[in-house]
Protein chains: 2
Amino acid sequence: MDQRGGIDLGGTKIQAVVVDARNEVLGAERGPTPTAGGPADVAEAIADLMRAAAAAAGVEANALAGLGIGSPGEVDSERGTVGQARNLPGWEGSYPLGETLERELGVPVRLGNDVQVATDAEAELGAGRDYDSMLGVFWGTGVGGGIVLDRKPWLGRGIAGELGHVVVRIGGRRCPCGRHGCLEAYAGRGSMEARARKLAGEGRSTQLFELMEKRGRTRLTSGIWARALDRDDDLARELLDEAVEALGAGVASAVNLLDVEAVIVGGGLGVRLGEPYRARIEAAMLPHLFNDDAPPAIRLAALGDLGGAIGAALLVGRGGDGGRLAPGAGHA
Amino acid sequence: MDQRGGIDLGGTKIQAVVVDARNEVLGAERGPTPTAGGPADVAEAIADLMRAAAAAAGVEANALAGLGIGSPGEVDSERGTVGQARNLPGWEGSYPLGETLERELGVPVRLGNDVQVATDAEAELGAGRDYDSMLGVFWGTGVGGGIVLDRKPWLGRGIAGELGHVVVRIGGRRCPCGRHGCLEAYAGRGSMEARARKLAGEGRSTQLFELMEKRGRTRLTSGIWARALDRDDDLARELLDEAVEALGAGVASAVNLLDVEAVIVGGGLGVRLGEPYRARIEAAMLPHLFNDDAPPAIRLAALGDLGGAIGAALLVGRGGDGGRLAPGAGHA
């Protein structure tokens, strides 16, 4: 009963893990997020992947101490519901994801915000564990932010950490959120893809879409951006340069406000592009940093792709939102 | 012995108050900050104003329970020193302001950061007292920010709250800090004056400098900006429009990160321009606000010009930095 399950529910994939009492990963399984249907189909896919991860760990899913889920959208962890998850299929209203999976798997289920659980995992077990205060930067389809102050998540009135919607250029590019000049309008992989499609449509030469088709994808994944860089694709480099410039300004703004000890860079692009881009983001941040004599540590997320699911597993056995994070003491 | 002294040490003026146990102001005195000399001259001016405020309150200065000082520059509250106060005369090194005034006035002296004590005063006694979390926006020569989370000041590693150096336009206007595109480069009264001088020098017509000379000033004070607005001065209106636009973006960025319950607008310009500009800043913020269904309350600082000095008096009898703020319980 010391094993716990964790699910990272993303717009393109679902990652499941089983961890032990020391938060070591015993089994992991990944599958695509359903692109059609509705919340019930997503719940079924989660249950299937959880059973597969449990099998890989050598346990029955119903023998787990519990299951934690990091979800996008409006997560109500008290009620176990998720609403307004725009990147998930047919998910306009509120859906009782917790109750559904408790019935299906026979274990207690706890829900948390996807970015916050990934931040908690890095704070407690990953690159942030030596710091009392940190900003998690999750650079993927969007740009998520997670704030930890005095080793506790800072959630504000419930949605703190919207780093992707820090304004980096008044009157600037339109963001998927509908506003203008947000960090995410320049650095989100979704925005970068839209920009690449527009410029390619206008005749700019690029291998991005050829690489995408070769790999049988319909979106520009982090791997495709990385491959295009390896091939010296000018457009890919130009759009990543803009993304880094925007990340530098947005992260520096957050650090100027919060004066945290560390910034942890993760997310699909952050993990895939790794150290060279960590260093580039740091360099782009410094010219905007007020306290440039004592910049925060800028580190890569240490838990990589599994961080979100491991963080979700940390929800199990925890009293509620806002619990104090203690390094190496991930469960009650 | 229930009376405490408070000093707001600014670049152009020094405000002294004496408050009672309920933080009611019993006496107040204001004078110009010395423009020549060095730290010892500033200390002497503080001592003189403190004695005058005490006299106005009907007490002897040496009968006060203590004196708190809100200071610009690098404040070391443990050692009682202030360093690098660029807006004060001849103040390059570190100066033992606390010890000097303890000797001069015969009462215990505590130092704090000017913006932070003004924030504490609004949080504890002013417009922020009904909120557990708030952002103080001090719109004056620069743009200062103070953060209160769970009723406690958030100081980070010591210099959190640098709202003025949140980037609102990558590659934008040069800031007095030497960086580019900071909020303060558009909204700080110092930057606005520099911009007005430049445009007037290029032939733009404006009454700003005529009003300044008429009032015997050498700088564009908040009152002069307000007067120019009253006279429909185009240049003044244009520069204030830019300031409001930048404040909207910068404050929204901070709220998107912190999701605080309230934003309190104070500072020389904030207090002088009052409600119409509070409403304009709110309107400029909304288009950038991620949580626009539930914006924070945007309120004017309730303690006006005396907030900094009252906040400094709150330092007396408090254990140290980071003490919990309790409404109506301003001293130990």
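Descriptive notes on the structure:
- The single condition from (1) touching a helix residue (DSSP H, G or I) at 6+ places or on another chain (Cβ under 9 Å); (2) more than 9 Å from chain B (Cβ to nearest Cβ); (3) within 24 Å of A:Ala301 (Cβ to Cβ) that A:Thr206 fails is (3).
- Only one of A:Glu275, A:Glu261 that is within 11 Å of chain B (Cβ to nearest Cβ), more than 25 Å from B:Val168 (Cβ to Cβ) and either touching a Lys or Arg at 6+ places or on another chain (Cβ under 6 Å) or acidic (Asp, Glu) (or both): A:Glu261
- Selection count where residues are crowded, with 24+ Cβ neighbours inside 10 Å and within 14 Å of B:Val42 (Cα to Cα), scope the range B:99-118: 1
- Which listed residue is of a type in the set (Ser, Thr, Tyr), modelled with pLDDT under 95 and not assigned by TED's automatic domain parsing to the domain that holds B:Ile69, from B:Thr141, B:Thr119: B:Thr141
- Failed item, numbered, when B:Ser133 is tested on (1) at the interface with chain A (Cβ under 10 Å from one of its Cβ atoms); (2) in contact with a Pro (Cβ under 8 Å, 6 or more places away or on another chain); (3) surrounded by 23 or more Cβ atoms within 10 Å (Cβ to Cβ): (2)
- Unique residue being under 18 Å from A:Leu314 (Cα atoms) and touching a residue at least 12 places away in the same chain (Cβ under 8 Å) when the list is A:Gly10, A:Gly31: A:Gly10
- Failed item, numbered, when B:Leu67 is tested on (1) over 16 Å from the mean Cα position of the chain (by Cα); (2) under 14 Å from B:Ile310 (Cβ atoms); (3) assigned by TED's automatic domain parsing to the domain that holds B:Val244; (4) of a type outside the set (Asp, Glu): (3)
- Only listed residue being more than 14 Å from chain A (Cβ to nearest Cβ) and touching a Ser or Thr at 6+ places or on another chain (Cβ under 9 Å), chosen from B:Leu199, B:Leu183, B:Leu229: B:Leu199
Condition check ((1) within 14 Å of another protein chain (Cβ to nearest Cβ); (2) modelled with pLDDT under 95; (3) buried (at least 20 other Cβ atoms within 10 Å of the Cβ)) across all residues:
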| residue | (1), (2), (3) |
| --- | --- |
| B:Gly83 | yes, yes, no |
| B:Asn87 | no, yes, no |
| B:Gly90 | no, yes, no |
| B:Leu97 | no, no, yes |
| B:Gly126 | no, no, yes |
| B:Arg151 | yes, no, no |
| B:Ile159 | yes, yes, no |
| B:Arg169 | yes, no, yes |
| B:Cys177 | yes, yes, no |
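- Only one of the numbered conditions (1) charged (D, E, K, R); (2) within 13 Å of chain A (Cβ to nearest Cβ); (3) not in a loop (DSSP other than H, G, I, E, B) is not met by B:Asp120, and that is (2).
- Number of residues in the range B:59-81 that are at pLDDT 95 or above, under 22 Å from B:Pro153 (Cα atoms) and of a type in the set (Gly, Ala, Ser) equals 5.
- Residue pairs whose Cβ atoms lie under 7 Å apart, sitting 6 or more positions apart in sequence or on different chains, and linking a residue in the range A:91-117 that is under 30 Å from A:Ile264 (Cα atoms) to a partner that is small (Gly, Ala, Ser) and in a helix (DSSP H, G or I), are A:Leu97/A:Ala43; A:Val109/A:Gly98; A:Leu111/A:Gly98; A:Gly112/A:Ala312; A:Asp114/A:Gly308; A:Val117/A:Gly308; A:Val117/A:Gly311; A:Val117/A:Ala312.
- Number of positions in the range B:73-94 that are of a type in the set (Ser, Thr, Tyr) and over 21 Å from the mean Cα position of the chain (by Cα): 1
- Extreme residue, farthest from the other protein chains (Cβ to nearest Cβ), among residues of the range A:236-248 that are over 20 Å from the mean Cα position of the chain (by Cα) and buried (at least 21 other Cβ atoms within 10 Å of the Cβ): A:Ala236
- When B:Val59, B:Val18 are checked against the criterion of being in a strand (DSSP E or B) and within 20 Å of B:Leu314 (Cβ to Cβ), B:Val18 stands alone in meeting it.
The values are calculated or read from the model by the stated rules, or taken from the named source; none is laboratory data. Keep in mind the model is a prediction, meaning the values are calculated, not measured. Note that each Cβ is placed from the backbone with ideal geometry, even for glycine, and that neighbours are counted across all protein chains shown.
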